[in-house]
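The values are calculated or read from the model by the stated rules, or taken from the named source; none is laboratory data. Everything numeric here is computed off the predicted structure, so don't read it as measured data. Using ideal geometry, Cβ is built from the backbone for each residue, glycine included, and neighbour counts are taken over all protein chains shown. In case anyone asks, the SASA skips ligands and DNA or RNA and just uses the protein heavy atoms, side chains included. Shrake-Rupley method; radii C 1.70, N 1.55, O 1.52, S 1.80 Å.
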Amino acid sequence: MPEKPQTPTGSPTPSTTSFWCELAWIGGEIKSKVLIEVAQGRISSVTCGVKPRPDNAEKLSGLTVPGLANVHSHAFHRALRGRTQVESGTFWTWRERMYEAAAHLDPDSYRELATAVFAEMALAGITAVGEFHYLHHSPKGGLYHDPNAMGHAMAEAAEAAGIRITLLDTCYLSGGFDTELNEVQRRFSDGDAARWADRVEALRKAYAGSDTVRIGAAVHSVRAVPVDQLSPVVAFAAENEMPLHVHLSEQRAENDACLVRHHKTPTELLHAHGALGPRTTAVHATHLSQMDIDLLGTSGTAVCMCPTTERDLADGIGPAHACHLAGSPVNLGSDSHAVIDLFEEARAVELDERLRTERRGHWLAAELLQAATAAGHASLGWPSSGRLEAGALADFTTIALDTVRLAGVQPAHAAESVVFAATAADVRHVVVGGRFTVRDHQHALVDDVPGRLKRSIGAIFK
């Protein structure tokens, strides 16, 4: 398993160090004829109004935006797409199907599946993913020879797919409040927070200095980490300046159980143990009180909305705009991968709010693009990504404007058109570290992504 920093993601050698964009979204505005020059994987300069295109510059036709950040992913959930639509029920009945898929994965099969899933993300314009990772051990709960074999498989998959990854290594210790782990959940657990931290420390050292991999921390949920184990996880993340993510109030049942057990909401419980703050991201945050919203906002805790999963699982509509107004940066994730399309996630934040309030116009397109780019990268520990400016990582995505969905778009409304009408299929190019990961709608590193998905998913359910 890796002991040294990874090489930059993408093709073995850069084919160009200059990119000429027909249109680019810079500083919240649409600019035309933009020359982006790259050196050593970072943007060295951005110049607008450059015409004609320099001979040595690669032409990026369409609208170029900073690379998209998928803040919340469970890669293996991709295998469930379609399979869980044949039944009714709730999140809790869906979870049983998810456990069935988890029980069949080992490092090799998970690497194959995740490579295909991350390649699908790249084709959708995603340049960085936050993998909320809790499949740590063998299906029966025993340690692999390398206790981090599954985590390394995730890092290797992202490298193969040409995107950056923040591996959010997740502490998961109980099956619920005062509830033992079930048979499937045993593979998620290290026993206690101290042993979790020892394992994550080895993982953190393995990728120290990596250009493409960050190691973060996660509390699965307040129901899965007993209250006496919360503070050690929070302290470990703080000492190592790691991103800290947590599933928060996704279900009313979790809120009710937490109030019965601790006389606090999950947000209040996290606040009491120092878990909130600018390095923390609360995922879902669907069922919040006004006090919860205020605690998240005043602490600067980010909120990750995953609308396609939240509606697929019948979770509810979260108070994204209220959290935003309270001071929480909002970002986006595809979570269970009912679809992988951050344009769909972005517009759903606004459109769901319209359904809830019966009023239009809560979010500007520029704010939703910010959530999909800079805010997402910051949540994942990549603060120098998500912007088209000198010094930033050279990670960007070009959306074709000549597809059937976007033909006729006027430059002045390109951002609005992309946010409210584009799909993942409209992504033409993806550049990571100044190198093509996707070129002309084709993955540059992974052949036959659909075939690879079919084979890896078929191996789970054979």
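See the values below:
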| read-out | value |
| --- | --- |
| Failed item, numbered, when R387 is tested on (1) over 17 Å from L68 (Cα atoms); (2) surrounded by 14 or more Cβ atoms within 10 Å (Cβ to Cβ); (3) among the charged types (D, E, K, R) | (1) |
| Residue count, segment 411-428 (criterion: open to solvent by 10 Å² or more (accessible area, probe 1.4 Å) and in a loop (DSSP other than H, G, I, E, B)) | 1 |
| Filter result for V86 (at pLDDT below 95, of a type in the set (A, V, I, L, M) and over 23 Å from E112 (Cα atoms)) | yes |
| Residue in segment 293-314 that is of a type in the set (G, A, S), under 23 Å from W363 (Cα atoms), out of contact with any Pro (no Cβ under 7 Å at 6 or more places or on another chain) and surrounded by 24 or more Cβ atoms within 10 Å (Cβ to Cβ) present | no |
| Enumeration of residues in segment 185-214 that are within 16 Å of A238 (Cα to Cα), open to solvent by less than 20 Å² (accessible area, probe 1.4 Å) and aliphatic (A, V, I, L, M) | A193, A197, V200 |
| Some residue of segment 395-403 being open to solvent by 10 Å² or more (accessible area, probe 1.4 Å) and under 24 Å from V349 (Cβ atoms) | yes |
| Those residues of segment 256-269 which are open to solvent by 60 Å² or more (accessible area, probe 1.4 Å) and within 27 Å of E239 (Cα to Cα), in sequence order | K264 |
| Number of the condition not met by R387 [criteria: (1) modelled with pLDDT of 95 or more; (2) out of contact with any helix residue (DSSP H, G or I) (no Cβ under 9 Å at 6 or more places or on another chain)] | (2) |
| Boolean, V227 is more than 28 Å from A128 (Cβ to Cβ) and hydrophobic (A, V, I, L, M, F, W, C) | yes |
| Verdict on G277 being among the small types (G, A, S) and farther than 21 Å from S221 by Cβ | no |
| Residues located in segment 276-333, provided they are closer than 25 Å to G89 by Cβ, of a type in the set (S, T, Y) and in contact with a Gly (Cβ under 7 Å, 6 or more places away or on another chain) | T286 |
| Residue within segment 270-290 that is over 21 Å from the mean Cα position of the chain (by Cα), surrounded by fewer than 20 Cβ atoms within 10 Å (Cβ to Cβ) and farther than 16 Å from V225 by Cα present | yes |
| Matching residues, segment 85-114, being assigned to a helix (DSSP H, G or I), open to solvent by less than 70 Å² (accessible area, probe 1.4 Å) and either of a type in the set (D, E) or closer than 19 Å to H145 by Cα (or both) | P107, S109, Y110, R111 |
| A237 being free of Cβ contacts under 8 Å to residues at least 24 places away in the same chain and of a type in the set (G, A, S) | no |
| The lone exception for L167 - which of (1) without any contact (Cβ under 8 Å) to a residue 12 or more places away in the chain; (2) in a strand (DSSP E or B) it fails | (1) |
| Residue list for segment 165-186, restricted to those being closer than 18 Å to A253 by Cα and of a type in the set (S, T, Y) | S174, T179 |
| Candidate set from segment 429-462 (those that are within 30 Å of M98 (Cα to Cα), out of contact with any Leu (no Cβ under 9 Å at 6 or more places or on another chain) and of a type in the set (G, A, S)); member that is most open to solvent (accessible area, probe 1.4 Å) | G458 |
| Set G408, G391, G433: member being over 21 Å from D341 (Cβ atoms) and within 20 Å of the chain's Cα centre (by Cα) | G433 |
